[in-house]
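One structure below.
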Amino acid sequence: MKTTVEPVTGRIHSWDLSTGVDGPGTRFVLFLSGCPLRCLYCANPDTWHMRDGKRTTVDEVMAEIEKYRPFITTAGGGVTLTGGEALLQPAFTAGIFRRCKELGLHTALDTSGFLGARAGDELLADTDLVLLDIKSFDVRTYRRLTGGDLSPTLNFATRLDRLGVPVWIRYVLVPGWTDDMAAVDGLGAFLAGLGNVDRVDVLPFHKLGAPKYDALGITFPLRDTPTPDPHLTERVREQFREHGLRAL
Ligand code: SF4
């Protein structure tokens, strides 16, 4: 009997090229559709639902990456998978990273870590860098801000340390939400206890995603929340530095 192997498919929102923010060098950044969290400051509400994404095979993604391979390789970059939440589609993510490693491309996974348990060791072996978004170190704030629990993300962080996968932490600074001194200190102490954190990116909250909420006909919950001033941003970076971390 003849058997056919179905190609691995996933749902994608879009792709883009970026420099400096989604991992080292110039990168091919693929936005996957679907996310289990609902962060109040989310800049990409158009990626929340997997059903809205375009069904795509790993081969089709790789054909697109291939067009840019010489350019991103020369620019010291690679491929970043983000979303949405890339770990909502772990087989698709793993399939793309496997093919990238066969081509010698650097791979970065941008994730909240909420679904870290879905990332198999094989996927993480093909992951050169994890951009781990830790949205708050305060359990209650984390739940109010994201709708989810903090503990899966912290468990994923310690697992990545155990596996020796390098991590860049992303911390979105939202006045009145994530600027609490004790919570920042707690996160700094936690991260200082790990051996795989290369840097902590403190990212000032912005409202560039607001028009997307308008287009979708939903309320942007932080529309009236101020963006952080440079002094506050520097204070938080300094708090991380006091724990011996490289904060940018
Ligand atoms: S995890 Fe990312 S994509 Fe999902 S809601 Fe939060 S900010 Fe948006």
- Give, as ranges by residue number, the residues of the stretch 170-207 whose backbone N falls under 19 Å from the point 7 Å along Cα→Cβ of HIS231. 173-182, 204-205
- Message: Could you sort the peptides 95-104, 209-218, 57-66 by per-residue average Cβ neighbour count (10 Å cutoff), highest mean leading?
- Response: 95-104, 57-66, 209-218
- Message: Rg and Dmax in Å for the stretch 26-114, alpha carbons only: what are they?
- Response: 13.2, 38
- Hits among aspartates and glutamates - C-alpha to C-alpha of LYS54 under 14 Å, sequence gap 8 or more where chains match: ASP46
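Which value at 222 nm does the chain reach when only helices count, each DSSP H run of 4 or more adding -39,500 (n - 2.57), with the total divided by all residues and rounded to the nearest 500 deg cm²/dmol?
Values: 8 runs with 87 residues, N = 248.
Counting only the DSSP helices, I get -10500 deg cm²/dmol.
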- Item | Proportion of all alpha-carbon pairs of the stretch 116-248 beyond 26 Å (%) | 27 percent
- Query: Say we join alpha carbon atoms closer than 10 Å with springs in a Gaussian network model of the chain; which of ASP22, ASP224, ASP179 then has the biggest fluctuation?
  - Reply: ASP224
- Query: If you bin every alpha carbon distance in the stretch 179-242 into 5 Å steps from zero, what whole percent lands in each bin?
  - Reply: 3, 15, 21, 17, 14, 12, 11, 6, 1
- Task: Working from Cα positions, state the angle (0 to 90°, nearest 10) between the long axis of helix 151-163 and the longest principal axis of the chain.
- Result: 60 degrees
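Stretch SER151-VAL5 to full length: gain in nm at 0.36 nm per residue minus the Cα-Cα span?
Numbers: separation 146, 0.36 × 146 = 52.56 nm, distance 3.71 nm.
Full extension from SER151 to VAL5 adds 48.9 nm.
Restricting to Cα atoms and excluding each atom paired with itself, what does the Kirkwood estimate give for the chain in Å? Walk me through the intermediate numbers first.
Numbers: mean 1/r = 0.0536 Å⁻¹.
By the Kirkwood definition, the hydrodynamic radius is 18.7 Å.
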- Given a Förster distance of 35 angstrom, what is the FRET efficiency for LEU203 paired with LYS101, based on the Cβ-Cβ distance and rounded to 0.05? 0.80
- Task: Quick one: compute the contact order of the stretch 188-243, relative version, from alpha carbon pairs under 8 angstrom and 6+ residues apart, as a percent.
- Result: 49 percent
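Please get the size of the charge dipole for the chain, origin at its Cα centre, with Cβ charges of +1 on Lys and Arg and -1 on Asp and Glu, quoted in debye to the nearest 20. Show your work: numbers first, answer last.
On the way: 28 positive and 31 negative charges, 82 e Å.
The dipole magnitude comes to about 400 debye.
For the stretch 1-53, what does the accessible surface come to per residue with a 1.4 Å probe? Please give it in Å². Display every interim value, and only then the final one.
Working: 2820 Å² over 53 residues.
On a per-residue basis, the stretch 1-53 sits at 53 Å².
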- Task: Give, rounded to the nearest 20 debye, the magnitude of the charge dipole that the stretch 130-248 has about its Cα centre when Lys and Arg contribute +1 at Cβ and Asp and Glu contribute -1 at Cβ.
- Result: 300 debye
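Give the dimensionless ratio obtained when the Cα radius of gyration of the stretch 74-118 is divided by 2.2 N^0.38 Å.
On the way: Rg = 11.0 Å, N = 45, 2.2 N^0.38 = 9.3 Å.
Cα-based Rg divided by the globular estimate yields 1.18.
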- First compute the accessible area of the chain with a 1.4 Å probe, then give the percent of it belonging to carbon and sulfur atoms. 54 percent
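If packing is taken as the average number of other Cβ atoms within 10 Å across a peptide's residues, how do 129-136, 163-170 rank, most packed first?
Numbers: 129-136: 23.0, 163-170: 17.6.
Per-residue Cβ counts within 10 Å, averaged per peptide and sorted highest first, yield 129-136, 163-170.
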- Item | Relative contact order (%) - criterion: Cα under 8 Å, at least six apart; region: the chain | 17 percent
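Which whole-number value in Å² is the accessible area per residue of the stretch 112-158, probe 1.4 Å?
Working: 1930 Å² over 47 residues.
Heavy-atom SASA per residue in the stretch 112-158 reads 41 Å².
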- Message: Projecting each Cα onto the charge dipole of the chain (Lys/Arg +1, Asp/Glu -1 at the beta carbon, about the Cα centre), which of LEU124, THR26, LEU203 comes out farthest on the positive side?
- Response: LEU124
- Task: Using the Cα centre as the reference, give the magnitude of the dipole from point charges on the C-beta atoms of the stretch 1-81 (Lys, Arg: +1; Asp, Glu: -1; all else neutral), rounded to the nearest 20 debye.
- Result: 160 debye
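The values are calculated or read from the model by the stated rules, or taken from the named source; none is laboratory data. Just so it is clear, the structure is predicted and the values come from calculations on it, not from any experiment. Cβ sites come from the backbone with ideal geometry, for glycine too, and all protein chains shown count toward neighbours. Ligands, DNA and RNA are stripped out before the accessible areas are found, and what is left, the full protein with its side chains, is counted by its heavy atoms. Shrake-Rupley method; radii C 1.70, N 1.55, O 1.52, S 1.80 Å.
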